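The next block holds one structure in the form of structure tokens; read it before the comments.
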Amino acid sequence: MTNTVKVLCITGWCRNGSTIIGNILNEIPGFFHVGELHFLWRNAAGRGVNEECGCGRKLVDCPFWSTILPIGQPAGTTLVEHADAVIRRQLGSVRTRHTWRVLGRGLHNEQIRAHAALMTQVYQAIAERSESRVIVDTTKIPGEAALLAHLDGITPYYVHLVRDPRAVAQSWSRPKEYVYAMAPGKSTGYWTGFNLATHAITRRYPERSMFLRYEDFIADPAGTIDRLLRLCATDPAANPVTDRTVELHTNHTVTGNPDRFKIGETVVRPTDDSWQRGLSKSARRTVAALSWPLSRRYGYEFGAVDSTGKG
């Protein structure tokens with residue numbers, strides 16, 4: 001009989017701070033941050049934007065992921081062929097647009113059943129080989145998050161992580177190493193869609209879900225990690241954050257913010273206001289128009305310059 005594995009799924013839209021939160025949790029005994037697991041096969045096969053593990057090696061050469069990648073690979077096929085099959089199933093079954101269908105109909109066809117079987121094996125293998133009891137997955141694809149509840153032996157916990165859409169738009173406006181840039185209108189459209197889908201998941205599983213604003217995390221990083229540990233029924237005494245500081249070590253994350261490669265003493269900055277200087281008035285108006293009313297629900301207030309351009 002397989003052991004039950006806890007998966008702490010941090011979801012929402014990208015550039016929301018999930019990488020640093022995941023890497024802090026990675027410092028806790030029994031926790032293992034995998035980064036954005038959804039992209040493992042795409043990146044390992046050279047189909048994605050970054051082939052490197054957080055440890056600095058290519059995924060195919062990483063001592064950890066090189067043992068996970070062959071799982072479910074049919075005999076006589078190459079890694080690329082296997083990866084392409086996984087990617088086709090992902091695109092056909094667990095994109096953000098599929099979230100409501102997965103929530104409502106579960107494993108409703110052969111394609112999604114095959115993907116669920118693979119992910120069940122993968123999560124179990126990750127837990128076994130990392131000797132962890134909680135896997136932290138910061139994929140941020142709501143369709144994948146919704147699937148977790150249908151995996152045998154997996155108990156999902158959900159963190160709906162939200163960041164001010166103006167800060168998100170400003171972050172997306174600049175390319176960063178292997179991460180491309182995106183216009184404010186496009187990033188805010190995704191911000192709205194991904195958060196709506198994530199809300200549908202946490203509404204379905206409220207007893208195992210938590211809403212978190214990035215701004216509240218940076219205001220009190222130690223207190224936030226305490227809350228996350230309690231969500232997973234873990235003693236907060238394991239919290240590695242002292243005041244605003246944590247010592248980070250090498251991790252095995254798949255893609256994510258390029259800051260995932262940083263190790264050593266790390267201080268969580270207390271403010272996230274660079275968008276006030278770096279985001280144009282026209283971009284702010286675009287963000288305000290596309291993010292309302294969700295932004296208001298999440299406690300982000302827009303002034304006159306954001307809504308009308310005056311003042």
With all protein chains present, calculate the accessible area of Asp226 using a 1.4 Å probe and round the result to the nearest 10 Å². 40 Å²
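Per DSSP H run of at least 4 residues, take -39500 (n - 2.57); add these up for the chain, divide by its residues and hand me the 222 nm value, nearest 500 deg cm²/dmol.
It lands at -12500 deg cm²/dmol.
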Which residues qualify? For Gly48, with a placed amide H closer than 5 Å and at least 5 residues away or on another chain, they are Asn43
Relative contact order for the chain: what is it in percent, counting Cα pairs under 8 Å that are at least 6 residues apart? 28 percent
Top mean-square fluctuation among Cys53, Cys14, Cys232, Gaussian network model of the chain, C-alpha springs under 10 Å? Cys232
Angle check, please: helix 79-93 long axis (alpha carbons) against the longest principal axis of the chain (alpha carbons), in degrees 0 to 90, nearest 10. 50 degrees
³J(HN,Hα) computed for each position of the range 16-27 - Karplus, 6.51 cos²θ - 1.76 cosθ + 1.60, integer Hz, glycine/proline x: 9, x, 5, 5, 5, 5, x, 6, 5, 4, 4, 7
Over 21 Å [Cα-Cα, the range 175-299], rounded percent: 57 percent
From the phi of every residue in the range 142-156, what ³J(HN,Hα) in whole Hz does the Karplus formula 6.51 cos²θ - 1.76 cosθ + 1.60 yield, where θ is phi - 60° and glycine or proline is x? x, x, 5, 4, 5, 5, 3, 5, 9, 8, 4, x, 10, 10, x
Calculated Cα extents along the principal axes in Å (choose from [x] 62, 48, 39; [y] 51, 42, 41; [z] 65, 42, 38), label: [z]
Measure out, as a whole number of angstrom, how far apart the alpha-carbon centroids of the range 105-161 and the range 238-265 sit. 23 Å
For the chain, modelled as a GNM with alpha-carbon contacts under 10 angstrom, which of Leu161, Leu228, Leu294 fluctuates the most? Leu294
With a cut-off of at most 16 other beta carbons within 10 Å, and DSSP calling the residue loop, which chymotrypsin sites (Phe, Trp or Tyr not before Pro) in the range 131-204 qualify? Please list them. Tyr178, Tyr180
I'd like the orientation of helix 221-231 relative to the chain: the angle between its Cα long axis and the longest Cα principal axis, in ° from 0 to 90, rounded to 10. 50 degrees
Sequence-distant or interchain residues sharing an amide H contact under 5 Å with Lys6, placed H: which? Ile135, Thr155
Given the options Ser66, Ser18, Ser295, which has the most mean-square fluctuation in a GNM of the chain, springs set between C-alpha atoms less than 10 angstrom apart? Ser66
Rounded tilt (10° steps) of 281-291 against the dominant C-alpha axis of the chain: 50 degrees
Using modelled amide H (1.01 Å from N, peptide plane; none on Pro or chain starts), what sits under 5 Å from the amide H of Tyr158, excluding residues fewer than 5 places away? Cys9, Ser209, Met210
Where a Cα-Cα gap under 18 Å defines reach, which lysines qualify for Lys140, not counting those fewer than 8 residues away within the same chain? Lys6, Lys186
Specify the inter-centroid distance of the range 19-55 and the range 200-226, based on alpha-carbon positions, in whole Å. 20 Å
Taking every alpha carbon pair in the range 93-170, what does the distance histogram look like in 10 angstrom bins from 0, in percent? 17, 46, 26, 11, 0
What fraction of the Cα pairs in the range 127-227, stated in percent, has a spacing above 23 angstrom? 38 percent
Quick one: work out the % antiparallel among DSSP beta bridges in the chain, nearest 5. 30 percent
The range 1-95, relative contact order [Cα under 8 Å, separation at least 6], %: 17 percent
Run through the range 218-311 and list the GluC sites (Glu not before Pro) located in a DSSP loop whose Cβ has at most 11 other Cβ atoms within 10 Å. Glu301
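The values are calculated or read from the model by the stated rules, or taken from the named source; none is laboratory data. Because the structure is predicted, anything quoted here is derived from the model rather than measured. Note that we place each Cβ from the backbone using ideal geometry, even for glycine, and neighbour counts take in every protein chain shown. Ligands, DNA and RNA are stripped out before the accessible areas are found, and what is left, the full protein with its side chains, is counted by its heavy atoms. Shrake-Rupley method; radii C 1.70, N 1.55, O 1.52, S 1.80 Å.
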